[in-house]
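**Q** Supplied in structure tokens, the structure appears directly below.
What follows draws every value from the coordinates through simple rules; no lab data is involved. The structure presented is a predicted model; accordingly, all values stated were derived computationally and were not measured. Using ideal geometry, Cβ is built from the backbone for each residue, glycine included, and neighbour counts are taken over all protein chains shown.
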Amino acid sequence: MKKLRITHLITLVAVCVAVAGATADAATLSDKDKQFLAGYEKAHTALVADDLSGVKAAAGDLGTEGAELSKSTSLKEARSAFEKLSAYAKTAAVGQSGYHVAHCPMLNKDWVQTSTTIANPYGGKGMISCGEIQK
């Protein structure tokens with residue numbers, strides 16, 4: 001019986017350490033990453049609405065990473081630039097509460113969003129609901 005209690009105690013300690021480690025990792029989002037993800041979300045929202053001027057305005061909040069996005073002359077170019085930003089956004093958002101990685105199987109593209117309701121930035125208004133939450 002003592003051996004069983006010790007095993008349970010060890011398991012409980014291991015779970016607590018794992019949870020504490022995951023919480024600590026999630027809390028390490030830098031100010032730069034917070035600013036990037038906020039700007040990224042603005043660009044995402046503008047692309048969902050097919051709003052090129054909104055995308056270009058959001059690019060300013062992305063720092064140097066938003067340079068290509070700010071130079072976009074069409075929604076097609078903006079979406080291409082946004083796809084490159086999505087790779088960084090996925091890395092920055094890992095383990096962060098309130099961020100969800102979504103995937104569009106028709107276009108085979110990923111993005112990060114704050115809502116659990118799909119809002120596809122790549123297909124515009126015609127494909128707004130195409131996709132699924134991955135993580």
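**Q** Using only the alpha-carbon atoms of region 31-133, report the extent along each of the three principal axes, biggest first, to the nearest angstrom.
**A** Cα spread of region 31-133 along its principal axes, largest to smallest: 30, 29, 17 Å.
**Q** As an exercise, use a Förster radius of 25 Å and the Cβ-Cβ distance of Asp31 and Thr64 to find the FRET efficiency, rounded to the nearest 0.05.
**A** It comes to 0.95.
**Q** Starting from the Cα of Ala57, step 7 Å along the direction of its Cβ; do the same at Ser80; then give the gap between the two resulting points in nm.
**A** Calculated label separation equals 2.6 nm.
**Q** Still on this structure, please answer the following. Note the per residue figure in Å³ for the convex hull of the C-alpha positions in region 77-135.
**A** 72 Å³
**Q** Separate question: Quick one: putting +1 on the C-beta of Lys and Arg, -1 on the C-beta of Asp and Glu, what dipole do you get for region 34-135 around its Cα centre, in Debye to the nearest 20?
**A** Roughly 40 debye for region 34-135.
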